[in-house]
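Below: one structure, written as structure tokens.
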Amino acid sequence: MRFPSSACLLPLSPMFQAVIIMFIAMSMIPAGDLCGKLLTSSGLATPGFVAWSRFAIGAALILPFAPKGCLRLLKDWRIWLRASLITGGILSIQTALQTEAIADVFAAFFIGPVISYVLSVFLLRESTTPLRALLMGAGFCGVLLVVRPGFGGSANLLYAVLAGCFYGCFLTASRWLAHLGKPVELSFTQLLLSALFLLPLGLANPPEASASTAALTVGSAAFSMLGNLLLLYAYSRTEASRLAPTVYFQLIAAVLLGWTVLDQLPDLLTWAGLFVVISAGIASASLRR
């Protein structure tokens, strides 16, 4: 029997490593939101507490890795604006998850890239093409298929749309302010300020202490923080434009988690919306290569 030579045992390419990391990261983020949904939908905690604890615990976990002097960024009002945007996004999505299926919420939330695209073109003067604009419009139509405002859709899904709007503004602000500091510095200040903003809501209705509540609260924060840190690490391995389509792993992970944990599957129109959103997003990302 012949064994493969050492020349055949090549290490994984940086691109393939980055894709694997992105798959893990994009699975962790919905897992964090699933923990939050289990807390709010069961009445163990309020959306305000879940959102606050996510930021507070995330800030505590990332603190040992924050460079000295990163608090200097707090002197810039734009850092406060950026943190307020992600604060509104997380609070809105936790409110939507309290009553809605996780796959539906994530599909509606993906209006965020459309908002970011429009703001980047008009505010940051980024280049665009008619085809890419058409694909962004198709993604918006996919979100409408999920939300279906006034046509049988749930009103609470509008919170997911609001979360996507906040997140789209946050993405544009992140591009705008990327030069101010390192990713870890920006992440820490964002978590710290958001925890400060939501402190009144977090302390207003604290949940009863129990092992399950503690586990879900820590899981919500840890999965979200680790997912976002892995995303930054993956982006350091290869070009962002090549990894952009893998962001849609979140939708796949959300569907699988909703099915396996909550026995929830999207209806036919939501499946159609998911297909349109993912297809338009991948096609749009391919145009940037």
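Rounded, prolate or oblate for segment 51-204? Axes are the square roots of the Cα gyration tensor eigenvalues, ordered a ≥ b ≥ c, and the cut-off for rounded is a/c under 1.5.
On the way: a/c = 2.78, a/b = 1.31, b/c = 2.12.
Taking the square roots of the gyration eigenvalues as a ≥ b ≥ c, segment 51-204 is oblate.
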Gaussian network model of the chain, Cα within-10 Å springs - most flexible of Ala178, Ala66, Ala18: Ala178
Separation of alpha-carbon centers, segment 20-96 and segment 106-148, rounded to whole Å: 24 Å
Cβ-derived FRET efficiency at R0 35 Å, Leu177 paired with Ala133, nearest 0.05: 0.90
Set of lysines near Lys182 by C-alpha distance (under 19 Å), chain-local residues within fewer than 8 positions excluded: Lys68, Lys75
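For the chain, what's the relative contact order in percent, using C-alpha pairs closer than 8 Å and at least 6 residues apart?
Values: 414 pairs, mean separation 114.4, N = 289.
Relative CO of the chain lands at 40 percent.
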Ranking of Trp52, Trp77 by count of other Cβ atoms within 10 Å, fewest first: Trp77, Trp52
Residues Leu177, Leu198 arranged by fewest to most Cβ contacts within 10 Å: Leu177, Leu198
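Which of Tyr117, Tyr233 comes first, and how do the rest follow, when ranked by fewest Cβ neighbours within 10 Å?
The fewest-first ordering by Cβ neighbours comes to Tyr233, Tyr117.
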Net charge of neighbours whose Cβ lies under 14 Å from the Cβ of Leu265, counting Lys and Arg as +1 and Asp and Glu as -1: -4
Contour excess over end-to-end distance, with Cα ends at Ile24 and Glu208 and 0.36 nm allotted per residue: 63.1 nm
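Would you mind calculating the gained length between Phe65 and Trp77 on full extension (0.36 nm times residue separation, minus the Cα-Cα distance), in nm to one decimal? Please report the intermediate quantities before stating the final value.
Working: separation 12, 0.36 × 12 = 4.32 nm, distance 2.36 nm.
Once the chain is fully extended between Phe65 and Trp77, it gains 2.0 nm.
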Taking all pairs of distinct alpha-carbon atoms in segment 16-287, Kirkwood radius in angstrom: 18.8 Å
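For the chain, what is the calculated [θ] at 222 nm in deg cm²/dmol (nearest 500), taking -39500 (n - 2.57) for each run of four or more DSSP H residues and dividing by its residue count? List each step's numbers first, then the result.
Working: 13 runs with 210 residues, N = 289.
Result for the chain, helices only: -24000 deg cm²/dmol.
Read the figures in this text as sums done on the coordinates, not as results from a lab. Keep in mind that what you see is a predicted model, and the values were worked out from it rather than measured. Quick reminder, even Gly has a Cβ in these numbers, built from the backbone with ideal geometry, and neighbours come from all protein chains shown.
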